[in-house]
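K.L.:
Shown below is the structure under consideration.
The values are calculated or read from the model by the stated rules, or taken from the named source; none is laboratory data. What you are looking at is a predicted structure, and each value in this text was computed from that prediction instead of being measured. Note that each Cβ is placed from the backbone with ideal geometry, even for glycine, and that neighbours are counted across all protein chains shown. All accessible areas refer to the heavy atoms of the entire protein, side chains included, with ligands and DNA or RNA removed. Shrake-Rupley method; radii C 1.70, N 1.55, O 1.52, S 1.80 Å.
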Amino acid sequence: MALLNILKYPDERLHKIAKPVAQVDDDIRTLVTDMYEAHGIGLAATQVNVHKRVVVIDLSEEHNQLLVLINPNITQKDGETTYEEGCLSVPGIYDSVTRAERVTVEALNEQGEKFTLEAEGLLAICIQHELDHLIGKVFVEYLSVLKQDRIKTKLKKRIKHDL
Ligand code: ZN
């Protein structure tokens with residue numbers, strides 16, 4: 001099993017736009033398995049430098065309730081909620097983002113079967129956060145420019161330190 005390298009903000013590749021998956025085959029299923037090993041509550045393929053519309057989510061404490069979203073599309077949104085978000089690509093940074101409270105999402109599962117999911121609460125937030133990654137958007141882009149600059153400076157310093 002390949003251990004995936006997670007891109008860290010402000011890596012430009014986090015801003016690439018993911019392409020739809022043409023066929024849900026074994027390569028995609030391997031990608032899903034590898035992404036799931038990365039253990040966040042959610043991960044978009046963009047974060048591991050694979051620019052395909054694939055997302056894995058698992059909000060369970062036991063890490064045993066995998067939700068796979070391939071070619072996901074939000075078809076309905078309503079309400080408003082604010083939550084302190086974090087991201088594997090933006091380590092150590094947490095800040096409040098306002099999103100829709102409830103979403104309906106259509107996607108394919110890892111067998112390539114279409115399904116519709118109505119989500120609310122943390123799951124709805126997580127879906128919106130991960131789908132943003134697929135269009136090259138990182139949650140810090142919802143914050144003020146000043147905050148974004150501070151985060152960039154902080155993370156760049158940390159990357160240098162790690163080298
Ligand atoms: Zn993220």
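K.L.:
Does segment 84-99 hold any residues that are surrounded by fewer than 15 Cβ atoms within 10 Å (Cβ to Cβ) and either among the hydroxyl-bearing types (Ser, Thr, Tyr) or farther than 30 Å from Lys156 by Cα (or both), and which are they?
P.N.:
Of segment 84-99, the ones surrounded by fewer than 15 Cβ atoms within 10 Å (Cβ to Cβ) are 84, 91-92, 94, 96, 98.
Matches in segment 84-99: Tyr94, Ser96, Thr98.
K.L.:
Right, next: Quickly run through segment 18-39 and pick out the residues that are open to solvent by 20 Å² or more (accessible area, probe 1.4 Å) and part of a loop (DSSP other than H, G, I, E, B).
P.N.:
Pro20, Ala22, Gln23, Val24, Asp25, Ala38, His39 - these are the residues of segment 18-39 that are open to solvent by 20 Å² or more (accessible area, probe 1.4 Å) and part of a loop (DSSP other than H, G, I, E, B).
K.L.:
Residue pairs, Cβ under 8 Å, 6 or more apart or interchain, first in segment 27-55 and under 19 Å from Glu85 (Cβ atoms), second of a type in the set (Asp, Glu) and part of a loop (DSSP other than H, G, I, E, B). List them.
P.N.:
Ile41/Asp58; Gly42/Asp58
K.L.:
Turning to a different aspect of this structure: What's the total number of residues in segment 84-98 that are within 13 Å of the ligand (Cβ to nearest atom) and outside any loop (DSSP other than H, G, I, E, B)?
P.N.:
Counting residues in segment 84-98 that are within 13 Å of the ligand (Cβ to nearest atom) and outside any loop (DSSP other than H, G, I, E, B) gives 3.
K.L.:
Given the condition over 20 Å from Arg53 (Cα atoms), within 16 Å of the ligand (Cβ to nearest atom) and in contact with a Ser or Thr (Cβ under 6 Å, 6 or more places away or on another chain), answer yes or no: does some residue in segment 132-152 qualify?
P.N.:
The answer is no; no qualifying residue exists.
K.L.:
Would you be able to say whether some residue in segment 68-79 is within 14 Å of the ligand (Cβ to nearest atom), open to solvent by 60 Å² or more (accessible area, probe 1.4 Å), over 27 Å from Gln23 (Cβ atoms) and out of contact with any Leu (no Cβ under 6 Å at 6 or more places or on another chain)?
P.N.:
No: segment 68-79 contains no residue that is within 14 Å of the ligand (Cβ to nearest atom), open to solvent by 60 Å² or more (accessible area, probe 1.4 Å), over 27 Å from Gln23 (Cβ atoms) and out of contact with any Leu (no Cβ under 6 Å at 6 or more places or on another chain).
K.L.:
Would you mention how many residues in segment 100-114 are without any contact (Cβ under 8 Å) to a residue 40 or more places away in the chain and open to solvent by 30 Å² or more (accessible area, probe 1.4 Å)?
P.N.:
Here the count works out to 5.
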